[in-house]
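Visitor: This is the structure I have questions about; it appears just below.
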Amino acid sequence: MSQRPLHFNAFIWPNGYHESAWRVVDDPVENVLGLPYYADIARTAERGLLDSIFLADNIAIAEYRATHLPQTQFDPISVLSALAAVTDHIGLIGTGSTTYNQPWELARRFATLDHLSGGRAGWNIVTTVTPLAAANFGETSHPDHADRYARAQEFVDVATRVWDSWADDAVVGDRARGVWAERSRLRAPRFHGEFYDVDGVQPFPRSPQGRPVLVLAGQSSAGIRLAARYAEMAFSGPPSLEAAVAFRTDLHAQAAAFGRHPDEVLVLPALMVTLGGTEAEATAKARRLEDLASAEFRWQNALYTAGLDPDGFDPDAPLPARLWAEPSPSTRADQLYAAARARPEASLRDVARHVMGGAGQTHFVGTPEQLADHVIAWQDAGAVDGFTIMGSTLPYELTAFVDHVVPILQRRNRFRTEYVGSTLRDELGLSRPAAG
Ligand SMILES: Cc1cc2nc3c(=O)[nH]c(=O)nc-3n(C[C@H](O)[C@H](O)[C@H](O)COP(=O)(O)O)c2cc1C
């Protein structure tokens, strides 16, 4: 291939990423609660030779969401474990919060997935934006942004020590001597930090990838710094080409300062896609989704995804100015505050009308050729290593991507025509980290 290979990650979200998706698809509404639905999507992504599928995690659901969106927030690692059994190659990336888990336990769960899938696990490290999570975990308050990222750094550090606590050659299976594994090849973390104390070894040997692939999607300076330190894949990236090039350049420079090579950090920003045989067809599909979108959902979702509790706000009043005097809960909140401050008289409902919540910042609407051109142009400019594809509807847009965009990229010699190895690290061109 003339360029470095492209990489694609498929974001699986019930009926598709657009909030109106569930209203336009034909599937029975309850299908999104069963394994066959996810198995079909995973197999489609694998048929397209995509690097990975990805499941988000929301550990507190503001109740307005139940009105407007299918609620299917299963435990991602459980779902991915089931999908491991019905796929052979595709990477399985799940989200896990560093604010509401214990590192030994979460490290163990991801390493279990890595073993069961033969080395296909990835962990999307999040610090959890929504303050509603605290009350689900017996906490009285949600740690602020800086505190969450300080914990996250220590969490990942100690998780890594847990994964590395068995040398790769520890298991000897020596029946004659009666030695299953050499105790001398274990290295207990014995970690005592500011936030966590983790003493003992992982309760099974090192996993096929050594460590699951580490992923981050933060956009704040603390989020980018954490990504520079640990992430092997970043899901974030600004919407304009120029800003995306600057983002990737900066991420690579910060990674280099941590002694890492830029090739070890792949940037696959989220891109919602709506495809059509003609541009007019794609535009009509996207317009139908937007026409069904609810202003009531948008203002509540803008607050929720920014890390604010929608139940505490009046949608017919402007956002209260006291918010910008307080520490910002997230980059999304900064963006929402900027939009509100630009129109101080406008109601929250009005300001939020055009704010796309969650991971979706960019909606690509066009033909498969146009999307292939877009992907190649962004890679050639140095903005991305590929994309996290979010079908506006599922499985339809993913199927269209696999059947129509992938072949174009293959013909242009820009995408693999078969899987090259057996682990997610193999597909991504990432080396297997040595223990310790
Ligand atoms: C593609 C993508 C997927 C994400 N998935 C999750 C998720 O599953 N759970 C979550 O709590 N946050 C998720 N986020 C949010 C980010 O992890 C991050 O918390 C958010 O951008 C705020 O962090 P920041 O203030 O550092 O920018 C996702 C973001 C993107 C772009």
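Visitor: Suppose the filter is surrounded by 24 or more Cβ atoms within 10 Å (Cβ to Cβ) and within 16 Å of the ligand (Cβ to nearest atom); does Tyr100 pass it?
Guide: Details: surrounded by 24 or more Cβ atoms within 10 Å (Cβ to Cβ): no; within 16 Å of the ligand (Cβ to nearest atom): yes.
Judged against the criteria, Tyr100 is not a match.
Visitor: Here's a follow-up. Which ones in the range 63-77 are among the aliphatic types (A, V, I, L, M) and within 13 Å of the ligand (Cβ to nearest atom)?
Guide: Ile77 - this is the single residue of the range 63-77 that is among the aliphatic types (A, V, I, L, M) and within 13 Å of the ligand (Cβ to nearest atom).
Visitor: For the condition assigned to a strand (DSSP E or B), within 24 Å of Val32 (Cβ to Cβ) and at pLDDT 90 or above, what is the one hit in Thr388, Thr399?
Guide: Working: Thr399 fails: assigned to a strand (DSSP E or B).
After ruling out the rest, the residue left standing is Thr388.
Matching residues to (1) touching a helix residue (DSSP H, G or I) at 6+ places or on another chain (Cβ under 9 Å); (2) free of Cβ contacts under 8 Å to residues at least 60 places away in the same chain; (3) more than 26 Å from Asn31 (Cα to Cα):
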position	(1), (2), (3)
Ala381	yes, no, yes
Val384	yes, no, yes
Pro395	yes, no, no
Phe401	yes, no, no
His404	yes, no, no
Ile408	yes, yes, yes
Arg412	yes, yes, yes
Arg416	yes, no, yes
Arg425	no, no, yes
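Visitor: Right, another one. For the range 223-239, check the following and say yes or no: at least one residue is more than 10 Å from the ligand (Cβ to nearest atom), over 27 Å from Ile376 (Cα atoms), out of contact with any strand residue (DSSP E or B) (no Cβ under 6 Å at 6 or more places or on another chain) and modelled with pLDDT of 95 or more.
Guide: yes
Visitor: Report whether or not Val172 is over 27 Å from Ala21 (Cβ atoms), free of Cβ contacts under 8 Å to residues at least 24 places away in the same chain, open to solvent by less than 70 Å² (accessible area, probe 1.4 Å) and β-branched (Val, Ile, Thr).
Guide: Here the answer is yes, as Val172 does meet what is asked.
Visitor: Tally up the residues in the range 198-212 that are part of a strand (DSSP E or B) and within 14 Å of Gly118 (Cβ to Cβ), please.
Guide: Looking only at that region, the number is 2.
Visitor: Does the range 257-268 contain any residue that is open to solvent by less than 60 Å² (accessible area, probe 1.4 Å), over 30 Å from Leu394 (Cα atoms), away from the ligand (no atom under 16 Å from the Cβ) and of a type in the set (Lys, Arg)?
Guide: Within the range 257-268, one or more residues are open to solvent by less than 60 Å² (accessible area, probe 1.4 Å), over 30 Å from Leu394 (Cα atoms), away from the ligand (no atom under 16 Å from the Cβ) and of a type in the set (Lys, Arg).
Visitor: Going through Gly312, Gly386, Gly391 one at a time, which residue ends up being open to solvent by 20 Å² or more (accessible area, probe 1.4 Å) and out of contact with any Lys or Arg (no Cβ under 9 Å at 6 or more places or on another chain)?
Guide: Gly312
Visitor: Limited to the range 200-213, what total is found for residues that are aliphatic (A, V, I, L, M) and buried (at least 23 other Cβ atoms within 10 Å of the Cβ)? Quick ask: steps written out before the conclusion?
Guide: Applying the first criterion (aliphatic (A, V, I, L, M)) to the range 200-213 yields 201, 213.
If we keep only those that are buried (at least 23 other Cβ atoms within 10 Å of the Cβ) as well, we get 213.
Of the residues in the range 200-213, 1 are aliphatic (A, V, I, L, M) and buried (at least 23 other Cβ atoms within 10 Å of the Cβ).
Visitor: Checking the condition out of contact with any Leu (no Cβ under 8 Å at 6 or more places or on another chain) and within 16 Å of the ligand (Cβ to nearest atom), which residue from Asp40, Asp88, Asp57, Asp114 passes?
Guide: Residue meeting the stated conditions: Asp57.
Visitor: Still on this structure, please answer the following. From the list Asp334, Asp291, which one is within 14 Å of the ligand (Cβ to nearest atom) and either open to solvent by 30 Å² or more (accessible area, probe 1.4 Å) or under 26 Å from Tyr396 (Cα atoms) (or both)?
Guide: Working: Asp291 fails: within 14 Å of the ligand (Cβ to nearest atom).
Of the residues listed, the single one that is within 14 Å of the ligand (Cβ to nearest atom) and either open to solvent by 30 Å² or more (accessible area, probe 1.4 Å) or under 26 Å from Tyr396 (Cα atoms) (or both) is Asp334.
Visitor: How about the range 182-199: which of its residues are open to solvent by 30 Å² or more (accessible area, probe 1.4 Å) and out of contact with any Gly (no Cβ under 8 Å at 6 or more places or on another chain)?
Guide: Glu182, Arg183, Ser184, Arg185, Leu186, Arg190, His192, Gly193, Glu194, Phe195, Asp197, Asp199
Visitor: Could you please let me know if Glu326 is of a type in the set (Asp, Glu) and either farther than 29 Å from Arg148 by Cα or touching a residue at least 60 places away in the same chain (Cβ under 8 Å) (or both)?
Guide: So Glu326 does not fit the description; no.
The values are calculated or read from the model by the stated rules, or taken from the named source; none is laboratory data. Since the structure is predicted, the reported quantities are computational estimates derived from the model, not experimental observations. Positions of Cβ are generated from backbone atoms using ideal geometry, with glycine treated the same way; all protein chains shown enter the neighbour counts. The protein model used for the area step is the full one, side chains on, heavy atoms only, and it has no ligands, DNA or RNA in it. Shrake-Rupley method; radii C 1.70, N 1.55, O 1.52, S 1.80 Å.
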